[in-house]
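Below: one structure, written as structure tokens.
The values are calculated or read from the model by the stated rules, or taken from the named source; none is laboratory data. Everything numeric in this text was worked out from a predicted model, so none of it was measured. Ideal geometry is used to build each Cβ from the backbone, glycine not excepted, and the neighbour counts take in all protein chains shown. Ligands, DNA and RNA are stripped out before the accessible areas are found, and what is left, the full protein with its side chains, is counted by its heavy atoms. Shrake-Rupley method; radii C 1.70, N 1.55, O 1.52, S 1.80 Å.
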Number of protein chains: 2
Amino acid sequence: MNERSRASVAPVKITDVAALAGVAPMTVSRVINTPDRVSAPTAARVRAAIEQLGYVPNLIAGGLSSRRSRMIAAIVPTIASPMFNAPVQSFTDAVGKAGYHVMLALSGYTQEHEDAQIRAVLARRPDGLLLTGARRSPAIRKLLLESQLPVVEIWDTADEPTDVLVGFDHREVGRAVADFFINAGHTHFAVLYASDPRGVGRGQAFAEHIRSRGLPVVAEKMLPAPSNIADGRNALKDIADKLAPRTAVFCSSDLVAYGAMTEARLRGIDVPRQLAICGFGDFELSAQSHPSGTTVRVDGAEIGRVAAEALLARIVGTDEAARVMVPFEIIVRQST
Amino acid sequence: MNERSRASVAPVKITDVAALAGVAPMTVSRVINTPDRVSAPTAARVRAAIEQLGYVPNLIAGGLSSRRSRMIAAIVPTIASPMFNAPVQSFTDAVGKAGYHVMLALSGYTQEHEDAQIRAVLARRPDGLLLTGARRSPAIRKLLLESQLPVVEIWDTADEPTDVLVGFDHREVGRAVADFFINAGHTHFAVLYASDPRGVGRGQAFAEHIRSRGLPVVAEKMLPAPSNIADGRNALKDIADKLAPRTAVFCSSDLVAYGAMTEARLRGIDVPRQLAICGFGDFELSAQSHPSGTTVRVDGAEIGRVAAEALLARIVGTDEAARVMVPFEIIVRQST
DNA sequence: TCGCCCCCTGGTATCGCTACCTTTTTCGGT
DNA sequence: ACCGAAAAAGGTAGCGATACCAGGGGGCGA
């Protein structure tokens, strides 16, 4: 053990502050945590002592004592894709205002890794947990239920969520896009989707809905998750020979859609006249590219905010588990 | 205080495991933390007990006792821009392999907020700290130095970094791009840069270098930070009437560059013949858009990895403060 | 066979803070 | 002026783990 880094970070502890201010440690604790319960002159004296000594409270000790870590763990697949940025940022901001820090863990897109991350963060005794998606392995589900930890699952829906859920139905998105294309008069359809459970949900529901109307799905292709622009370009290359005029393609993310659109134009395929493209996520790129991209918009920031509210309510214990469905919306732009 | 959420998360503690396995708590601790120091049969018995009880160690208690939180705090301006994704992901992976969790905090682009975030995370007694940029307020610098906390600053350079530094010189980038444009035969120049210190560094160094060669900077415009595609489009709109033929514009990010390129093409300005554009960051968009975008590439993942290594070395106390400069590279594509 | 040393294990004392309860002080109402 | 309730402050006892030191047992060299 390294003496230097040990003794150093905060030699000043609450008893030092208390001694300097001439009060009991408990009073210093109150000044920090429940200032209302301390008289103004005492609080001022304590604050002066804190300032003078440069005291930084030790939340590890406080957490052990109070059994509250004031920390919420959030596990998302990745932050490399813009998809989860908005919810993570707004969630972080919202719980931050309530005095909680967020410990962010990245799960990739494999369940084993997510399970491992969940187990690992539980060792830090978070006061709450945000998870992406609503599919848990049985062992983890059991662990979470038994721990009675407040949990919010976002960005998906489920018949029996673990606890609180704030999301939407990806299959419904797929069907809505299918109807949108059908109503626009398209006669042939294709779908490119990432292999994560939610991308698959959107893509397969799209294809099923098309077929249930007796219409042809000329191409259905699965991409790696998370998928990017290059995946979209390559996928369009692969399916280009199957595209009839008036084909409409649904992509599981705006990046894939942008890639498909770029590749189509390079091949002389007119977008949207010969090929209509719809993405998902409403990334800035879709609004600002030319031609701009039709997409499905979900208010990620809203999801983060609502998830934070619901989880915080759950933490203080006032609310029962809630399930909030957030709307989605097809934003029609130039690519359709 | 809510009884339910209190008593629940882990009723099982180390003494329970010890009792079941018929050993002392200390031995259970050894099985978890230093398995080499426990005999195989004992370890097996303890592991069985852990399994049977579903014991999850309490890192808060362990952290208080050992004065090691096994946690590293990372503070970056934002994760909404792709800029910091790579370093954050690779840093997280690398320190994760060494058993550390990362607590990610977002500072926005204001120093006050960053200062507040630093103070807040110090209360959790991280074993190390990753900061973006190398400019600290005097109070924070003093706090960090006195705390002797291992710190790594990334993505910038400084004469006197707080501790370890892994980055590059943004002004050098600006000059390199200026030389690149000059050598390509451009006669007029423009620059669009975000108002964060590093964007300003790149942009102003570019402009100064151009002027020092006696050449004209026909437009110099500051954008909000973080800046996006729309900012790039608007900026090009604003400076369009100042653009002479053979003008070259340097943008402080690939998003701005892409926006500028999109807007230019909509206005019938030929890229790259009438207007050459260079961005910064080598986002996937630049490689995959058409025309593809010339940019400056910095290996963010490498920065994250090296920062992790250096910080971990610092934490175990073997290394002195290091300063690692990572290279950058101009990637020439179709926009120039 | 004896003794030294190392391997393994156990006991004790915190780590820094807060929950809980008790004591002291303040103050309005009559 | 007194009483009782409420506000303010203090004392004590952990929270759940690990550092540190001590002790017991077995292997190996003399």
The lone exception for A:SER147 - which of (1) more than 22 Å from the chain's Cα centre (by Cα); (2) over 30 Å from A:ASP93 (Cα atoms); (3) of a type in the set (Gly, Ala, Ser) it fails
(2)
Given (1) within 14 Å of chain A (Cβ to nearest Cβ); (2) more than 17 Å from the chain's Cα centre (by Cα); (3) not in a loop (DSSP other than H, G, I, E, B), where does B:GLY174 come up short, assuming only one miss?
(1)
Looking only at segment B:19-32, count how many residues are more than 8 Å from DNA strand D (Cβ to nearest atom), in contact (Cβ under 8 Å) with a residue 24 or more places away in the chain and either under 16 Å from B:ASN58 (Cα atoms) or open to solvent by 50 Å² or more (accessible area, probe 1.4 Å) (or both).
1
Considering segment B:277-336 alone, what residues qualify as being under 24 Å from B:GLY174 (Cα atoms) and hydroxyl-bearing (Ser, Thr, Tyr)?
B:SER286, B:SER289, B:SER292, B:THR294, B:THR295, B:SER335, B:THR336
Regarding B:SER65, is this residue within 10 Å of chain A (Cβ to nearest Cβ) and either crowded, with 17+ Cβ neighbours inside 10 Å or part of a helix (DSSP H, G or I) (or both)?
yes
If you check A:ILE210, A:ILE239, A:ILE277, A:ILE269, which single one turns out to be touching a Leu at 6+ places or on another chain (Cβ under 7 Å), among the β-branched types (Val, Ile, Thr) and at negative phi?
A:ILE269
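Just the residues that are of a type in the set (Ser, Thr, Tyr) and under 18 Å from B:ALA74 (Cβ atoms), please, taken from segment B:132-182.
Matches in segment B:132-182: B:THR132, B:SER147, B:THR162.
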B:GLU114 fails exactly one of the following numbered conditions: (1) open to solvent by less than 20 Å² (accessible area, probe 1.4 Å); (2) facing another protein chain (nearest Cβ under 7 Å). What is the number of that condition?
(2)
Does segment A:83-97 include one or more residues that are assigned to a helix (DSSP H, G or I), within 16 Å of DNA strand D (Cβ to nearest atom) and over 27 Å from A:ALA139 (Cβ atoms)?
no
Does segment A:279-290 contain any residue that is outside any helix (DSSP H, G or I), small (Gly, Ala, Ser), within 13 Å of chain B (Cβ to nearest Cβ) and open to solvent by less than 10 Å² (accessible area, probe 1.4 Å)?
yes
Checked segment A:68-80 for anything aliphatic (A, V, I, L, M) and either within 14 Å of the chain's Cα centre (by Cα) or open to solvent by 40 Å² or more (accessible area, probe 1.4 Å) (or both); matches are A:ILE72, A:ALA73, A:ALA74, A:ILE75, A:VAL76, A:ILE79, A:ALA80
Based on this model, can you work out whether A:ALA260 counts as assigned by TED's automatic domain parsing to the domain that holds A:GLY203, under 26 Å from the mean Cα position of the chain (by Cα) and under 22 Å from A:ARG175 (Cα atoms)?
yes
Qualifying positions in segment B:76-111 - closer than 20 Å to A:MET71 by Cβ and facing another protein chain (nearest Cβ under 8 Å):
B:ILE79, B:VAL88, B:THR92, B:HIS101, B:VAL102, B:MET103, B:LEU104, B:ALA105, B:LEU106
For A:GLU153, work out the one condition from (1) more than 22 Å from A:ALA86 (Cβ to Cβ); (2) without any contact (Cβ under 8 Å) to a residue 24 or more places away in the chain it doesn't fulfil.
(1)
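Being within 10 Å of DNA strand C (Cβ to nearest atom), outside any loop (DSSP other than H, G, I, E, B) and at pLDDT 95 or above is the filter here; which residues of segment A:34-62 pass it?
Selection gives A:LEU59, A:ILE60, A:ALA61, A:GLY62.
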In segment B:224-271, how many residues are open to solvent by less than 40 Å² (accessible area, probe 1.4 Å) and either away from chain A (no Cβ under 13 Å) or outside any helix (DSSP H, G or I) (or both)?
15
With the requirement that a residue be more than 14 Å from chain B (Cβ to nearest Cβ) and surrounded by fewer than 16 Cβ atoms within 10 Å (Cβ to Cβ), what does segment A:33-51 give you?
A:PRO35, A:ASP36, A:ARG37, A:SER39, A:ALA40, A:PRO41, A:ALA44, A:ALA48
Has segment B:261-275 got any residue that is among the β-branched types (Val, Ile, Thr) and within 24 Å of B:VAL76 (Cβ to Cβ)?
no
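Residues checked against (1) in contact with a Lys or Arg (Cβ under 9 Å, 6 or more places away or on another chain); (2) among the hydrophobic types (A, V, I, L, M, F, W, C); (3) surrounded by fewer than 23 Cβ atoms within 10 Å (Cβ to Cβ); (4) under 30 Å from A:HIS209 (Cβ atoms):
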residue: A:TYR109; (1), (2), (3), (4): no, no, yes, yes
residue: A:LEU122; (1), (2), (3), (4): no, yes, yes, no
residue: A:GLY167; (1), (2), (3), (4): yes, no, no, yes
residue: A:ALA184; (1), (2), (3), (4): no, yes, yes, yes
For segment A:241-261, which positions are small (Gly, Ala, Ser) and within 16 Å of A:THR187 (Cα to Cα)?
A:ALA244, A:ALA248
State yes or no: is A:ARG136 surrounded by fewer than 24 Cβ atoms within 10 Å (Cβ to Cβ), among the basic types (Lys, Arg) and in a loop (DSSP other than H, G, I, E, B)?
yes
